[in-house]
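This report concerns only the one structure given below.
The values are calculated or read from the model by the stated rules, or taken from the named source; none is laboratory data. Because the structure is a prediction, the values reported are computed rather than measured. We place every Cβ from the backbone using ideal geometry, glycine too, and count neighbours over all the protein chains shown. Surface accessibility is based on the protein's heavy atoms, side chains included, excluding ligands, DNA and RNA. Shrake-Rupley method; radii C 1.70, N 1.55, O 1.52, S 1.80 Å.
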Amino acid sequence: PDGRWIAFFSGTALKKVAASGGTVVTLCDAGTQRGGWWAEDDSIVFASATGLYRVGGGGGTPQEIAAAEPASTPLLPQVLPRGRGILYTESANSDPATGTIVFRDLSGGSRKEVIQGGRWGRYLDSGHLTFVRGGSLFAVPFDLDTLQMKGDPAPVVEGIFQTAILGIPNAAISDNGTLVYGASTTATTPQAPLMWLRRTGGLTPLRATPAVFTHPRFSPDGR
């Protein structure tokens, strides 16, 4: 928040480096991370495949805020102003038009569903809540105290690229509402054929049509 450091994920670790350059500092193990937020109290809240966690800006052992819901994974948390709580996305699939934006206290506790059918919820200083659904950014007036929308969401920007696996928007938005994003017409997820590599060398296509393939596995019989 003071602009002096940049936090980032590398491998399974959460790290930071001074904005002026210098030595990279490892803060903690973050598992299979799903986004994070550096809060005003100098703590960092991050999501992983197993839940929501919190660690101090100086590093240490992360504390679990809440475990992931069954058949779902948390994404892209935001710590709300005044320590009001955490806004984040729960996702059960890669469909960019789905997702649930959820609120939870910093101490954990029960979850409150804020919006169905949206990802990347962000509260802005203007009193609006923004989110992305199917490549479009929506905005709606939002009461931070009652956690209620004050009207219907309206589309603001269309054509925002969302990643193929988690549907994460390739975008950033500042507190004053300035948006930077990768357009869906130009941004792409790399595609390639699925290949078989022999121990002796040499590649053979198993499926020649390029697509977004991930996490290959053998069947138990090896065939």
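Could you state the number of Å between the C-alpha centres of region 23-50 and region 128-205?
Cα centres, region 128-205 to region 23-50: 20 Å.
Counting only other residues whose beta carbon sits under 14 Å from that of residue 84, what net charge do I get with K and R as +1, D and E as -1?
That works out to -2.
Skipping prolines and chain starts, which residues have an amide H placed within reach, meaning under 5 Å, of the one on residue 97, given they are 5 or more residues away or on another chain?
Residues meeting the amide H criterion: 134.
Quick check on region 59-104: take the gyration tensor over C-alpha atoms, sort the square-rooted eigenvalues as a ≥ b ≥ c, and tell me if it's rounded (a/c under 1.5), prolate or oblate.
Oblate is the answer for region 59-104, as a/c is 1.5 or above yet b/c matches or exceeds a/b.
Rounded, prolate or oblate, given the Cα gyration tensor of region 41-83, with a/c below 1.5 counting as rounded?
Since a/c reaches 1.5 but b/c is at least a/b, the shape of region 41-83 is classed as oblate.
Taking the highest mean first, how do the peptides 22-28, 201-207 order by number of other beta carbon atoms within 10 angstrom per residue?
Peptide ranking by packing, descending: 22-28, 201-207.
With springs only between Cα atoms under 10 Å, which of 132, 114, 180 fluctuates most in a Gaussian network model of the chain?
The residue with the greatest mean-square fluctuation here is 180.
Give the shape of region 75-133 as rounded, prolate or oblate, defined through the alpha-carbon gyration tensor: a ≥ b ≥ c are the square roots of its eigenvalues, a/c under 1.5 means rounded, and otherwise the shape is prolate if a/b is larger than b/c and oblate if not.
Note, shape of region 75-133 comes out oblate.
I need the peptides 147-155, 59-67 ranked by packing, meaning the mean over residues of other C-beta atoms within 10 angstrom, with the highest value on top.
59-67, 147-155
Expressed as a whole percentage, what fraction of the accessible surface of region 125-204 belongs to carbon and sulfur atoms when a 1.4 Å probe is rolled over the protein heavy atoms?
55 percent
Using a Gaussian network model of the chain with C-alpha springs under 10 Å, which one of 43, 107, 20 is most mobile by mean-square fluctuation?
20
I need the trypsin sites (Lys or Arg not before Pro) found in region 1-93, filtered to DSSP loop residues with at most 14 other beta carbons within 10 Å of theirs.
The qualifying sites are 4.
Leaving out ligands and nucleic acids, and using a 1.4 Å probe, what accessible area per residue does region 130-190 come to in Å²?
Result: 52 Å² per residue.
Tell me, what ³J(HN,Hα) does each residue in region 86-99 have, in order and in whole Hz, if you take phi through Karplus 6.51 cos²θ - 1.76 cosθ + 1.60 with θ = phi - 60° and put x for Gly and Pro?
So the J values, rounded to whole Hz, are 10, 10, 8, 10, 10, 10, 10, 7, 9, 5, x, 8, 10, x.
When only the heavy atoms of the protein chains count and the probe is 1.4 Å, how do 113, 158 rank by accessible area, highest first?
158, 113
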